[in-house]
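S.K.: Got a structure here, written out as structure tokens. Questions coming.
The values are calculated or read from the model by the stated rules, or taken from the named source; none is laboratory data. Note that the structure is a prediction, hence the values are computed from the model and not measured. Here the Cβ positions follow ideal geometry from the backbone for every residue, glycine too, while neighbour counts run over all protein chains shown.
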Amino acid sequence: MFCCIATGAMAAGSKAKVVTTFVDNGPKKVALTFDACQSKTPAYFDKTILNYIIENKLPVSIFLSGRFARQNEAEVKYLAKNYPFIEFENHSLNHINHMERLNDAKVISEVADNEKLVTAMTGRAPEYFRFPAGNYNAHDLELVNGLGLKVVHWTYASGDPDKHITPVALENEINTMTRPGDILIFHINGRGWSTGKALPEMVKELHGKGYSFVRLEDVVK
């Protein structure tokens, strides 16, 4: 199962904190984020994407699910130790696509248990949480905030889990739609089918327009 992308919505009149989908930190800043998730089928780092990030020292934020982290434990530890421009954040323990259907205890467990896991592997406590598939309700948002985490989603869905999107189509979409302050989302778990081929050109095009890339922890306070 791949990480599908759907935008969640808070109930009207909720007093819960907002979900961050935009970074306002000076002109032409873009946050490049990747989901590294796994449900039942084993998943691994997309080496084409990962090698490009490392070779170019590209600042990125990776949202880890617990199952993926355990499947790739040695690599997560190695990356966290050796590449400070790669930031790891919390994407729930089991990547349940509809956490809004869970009871409070299960929601808290999904978040808190993965927080402990990612902290132990990386040596850094995540600051941000991303709901699987972007699905949440106001109460779940309050529960996550109560655990000391800010919820960060994305400005618009890139569509990279779509097997039918070509690298050129993905490049054109990002080049056309991206604006200063956007949070971009892709997948680094082998489910971003064209992302590895498209990423170098996307970065080149955005750099050519004067954009720079930032980690979430540098811009979301």
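S.K.: Out of (1) among the aliphatic types (A, V, I, L, M); (2) farther than 15 Å from Leu58 by Cβ; (3) surrounded by 20 or more Cβ atoms within 10 Å (Cβ to Cβ); (4) under 16 Å from the mean Cα position of the chain (by Cα), the odd one out for Ala133 is which?
M.R.: The single condition Ala133 does not satisfy is (3).
S.K.: Being acidic (Asp, Glu) and within 16 Å of the chain's Cα centre (by Cα) is true for just one of Glu75, Glu89. Which residue is that?
M.R.: On the way: Glu75 fails: within 16 Å of the chain's Cα centre (by Cα).
Every option except Glu89 fails the conditions.
S.K.: Still on this structure: If you go through segment 157-216, how many residues are under 26 Å from Phe131 (Cβ atoms), free of Cβ contacts under 8 Å to residues at least 60 places away in the same chain and hydrophobic (A, V, I, L, M, F, W, C)?
M.R.: Here the count works out to 7.
S.K.: Considering segment 162-211 alone, what residues qualify as being farther than 18 Å from Ile54 by Cβ and among the hydroxyl-bearing types (Ser, Thr, Tyr)?
M.R.: Thr166, Thr176, Thr178, Ser194, Tyr211
S.K.: Which fully enclosed helices (runs of 4 or more DSSP H) of segment 1-114 have 3 or more residues being surrounded by 20 or more Cβ atoms within 10 Å (Cβ to Cβ) and modelled with pLDDT of 95 or more? Steps first, please.
M.R.: On the way: elements: 47-55, 66-71, 73-82.
Answer list for segment 1-114: 47-55, 66-71.
S.K.: Quick check on my filter: what residues within segment 125-153 are out of contact with any Asp or Glu (no Cβ under 8 Å at 6 or more places or on another chain) and part of a loop (DSSP other than H, G, I, E, B)?
M.R.: Gly148, His153 - these are the residues of segment 125-153 that are out of contact with any Asp or Glu (no Cβ under 8 Å at 6 or more places or on another chain) and part of a loop (DSSP other than H, G, I, E, B).
S.K.: Quick check on segment 186-221: of everything there that is touching a helix residue (DSSP H, G or I) at 6+ places or on another chain (Cβ under 9 Å), part of a strand (DSSP E or B) and not aromatic (Phe, Trp, Tyr), which residue is farthest from Thr33 (Cα to Cα)?
M.R.: Per the criteria, the residue is Ser212.
S.K.: May I ask you to list the residues in segment 169-212 that are closer than 13 Å to Asp24 by Cα and surrounded by 15 or more Cβ atoms within 10 Å (Cβ to Cβ)?
M.R.: Pro180, Gly181, Asp182, Ile183 - these are the residues of segment 169-212 that are closer than 13 Å to Asp24 by Cα and surrounded by 15 or more Cβ atoms within 10 Å (Cβ to Cβ).
S.K.: Can I ask one more? Which residue, of Ala43, Ala80, is under 18 Å from Arg124 (Cβ atoms), aliphatic (A, V, I, L, M) and in contact (Cβ under 8 Å) with a residue 40 or more places away in the chain?
M.R.: Ala80 is the lone residue from the list that is under 18 Å from Arg124 (Cβ atoms), aliphatic (A, V, I, L, M) and in contact (Cβ under 8 Å) with a residue 40 or more places away in the chain.
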